[in-house]
Amino acid sequence: MKKNYLNYLKCIKCEKEKLSIFPENVMDDEEFEEGIIRCEHCSAVYPILDGIPCFLPESLRDISINEKTTVLVSQFIPLEG
């Protein structure tokens, strides 16, 4: 996925368009295979696996995708507090 694709996406939970991508140091035209997209409004997270963002609700995702999401969140998003 390329970072500039965020211009065409919105959160499926709150329908806001303000999304952040992690890792943050990715250039707009640089492709990357995995990471996290996070909604800045409701904090929902969506994994990027094999270059494809997964915008399915957690309840519809395969268990392995949810496990991978947890790992990616711990790698890329700092704990608040």
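Derivation of every value follows stated rules applied to the coordinates shown; laboratory data play no part. Everything numeric in this text was worked out from a predicted model, so none of it was measured. Note that we place each Cβ from the backbone using ideal geometry, even for glycine, and neighbour counts take in every protein chain shown.
Let me have the relative contact order for the chain, percent, based on Cα pairs under 8 Å that are six or more residues apart.
Values: 120 pairs, mean separation 20.9, N = 81.
For the chain, the relative contact order is 26 percent.
For Phe55 and Ser74, compute 0.36 nm times the residue count separating them, minus their Cα-Cα distance, and round to one decimal in nm.
Length gained between Phe55 and Ser74: 5.0 nm.
Looking at the range 25-60, which GluC sites (Glu not before Pro) are DSSP coil and have at most 13 other C-beta atoms within 10 Å of their C-beta?
Details: sites: Glu30, Glu31, Glu33, Glu34, Glu40, Glu58; in loops: Glu30, Glu33, Glu34, Glu40.
When the GluC sites (Glu not before Pro) of the range 25-60 are filtered for loop state and at most 13 Cβ neighbours within 10 Å, Glu30, Glu33, Glu40 remain.
Provide Ser43, Ser64 in ascending order of the number of other Cβ atoms located within 10 Å of each residue's Cβ, fewest first.
Neighbour counts put them in this order, fewest first: Ser64, Ser43.
Compare Ile63, Ile37, Ile21 in a GNM of the chain, Cα atoms joined below 10 Å, and give the one with the largest fluctuation.
Ile63
With the cut-off at 15 Å, report for the range 1-79 the share of all Cα pairs above it, as a whole percent. Display every interim value, and only then the final one.
Working: 1594 of 3081 pairs.
Roughly 52 percent, once rounded to a whole number.
What order do you get for Phe22, Phe32 when you list them from fewest to most C-beta neighbours inside 10 Å?
In increasing order of surrounding Cβ atoms, one gets Phe32, Phe22.
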